[in-house]
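Values in this text are rule-based calculations from the coordinates and carry no lab data. Computed from a prediction, not measured in an experiment: that's the story for all the values here. We place every Cβ from the backbone using ideal geometry, glycine too, and count neighbours over all the protein chains shown.
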Amino acid sequence: MNSDSTFSPKGHETGWLLTEDGKVLASLTAPTTARAAMRGLMFTDPTDTAIYFSRGSLLHTFGVGFEIDVAVLTKELEVARTMRLKPKRFGFTGYRHGGIIEAEAGSFERWGLTIGQKLKVDL
């Protein structure tokens, strides 16, 4: 389901964040290089695009000029917990997770994302 119409910064794959039943929640990018992963949402504008990290435990919002929603996923891609980070902050997700979704603050509420919800990542 890869699409050329989604936002695709250098060093990222693009695709979709979906509910378990296939409903599209957002376009999605995933870093393919360490540099892209370290950059994350730095120096970007808020968009309806989410970013997916398959690993990593330390988050930051330095260089991000807006609050972000963060979802920590289990290995089965179930939402285990969520948090909101203000600009210029660090967050820790823990070491044992199946991935992390970051998006502009308020996105999870608009999408109806809930704890325990299973997601699909289609890249």
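Some values worked out for this structure:
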item: Filtered residue count, region 100-119, keeping only those that are within 20 Å of Gly56 (Cβ to Cβ) and among the charged types (D, E, K, R); result: 2
item: Hits in region 95-105 (condition: surrounded by fewer than 16 Cβ atoms within 10 Å (Cβ to Cβ) and in contact with a strand residue (DSSP E or B) (Cβ under 7 Å, 6 or more places away or on another chain)); result: Ala105
item: Count of region 47-82 residues which are among the acidic types (Asp, Glu) and farther than 20 Å from His12 by Cβ; result: 3
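A quick yes/no check of all residues on (1) out of contact with any Leu (no Cβ under 7 Å at 6 or more places or on another chain); (2) over 20 Å from Pro31 (Cα atoms); (3) touching a residue at least 60 places away in the same chain (Cβ under 8 Å); (4) part of a strand (DSSP E or B):
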{"position": "Val70", "(1), (2), (3), (4)": "no, no, no, yes"}
{"position": "Pro87", "(1), (2), (3), (4)": "yes, yes, no, no"}
{"position": "Gly91", "(1), (2), (3), (4)": "no, no, no, yes"}
{"position": "His97", "(1), (2), (3), (4)": "no, no, no, no"}
{"position": "Ala103", "(1), (2), (3), (4)": "yes, no, yes, yes"}
{"position": "Glu109", "(1), (2), (3), (4)": "yes, yes, no, no"}
{"position": "Thr114", "(1), (2), (3), (4)": "yes, yes, no, no"}
{"position": "Leu119", "(1), (2), (3), (4)": "no, no, yes, yes"}
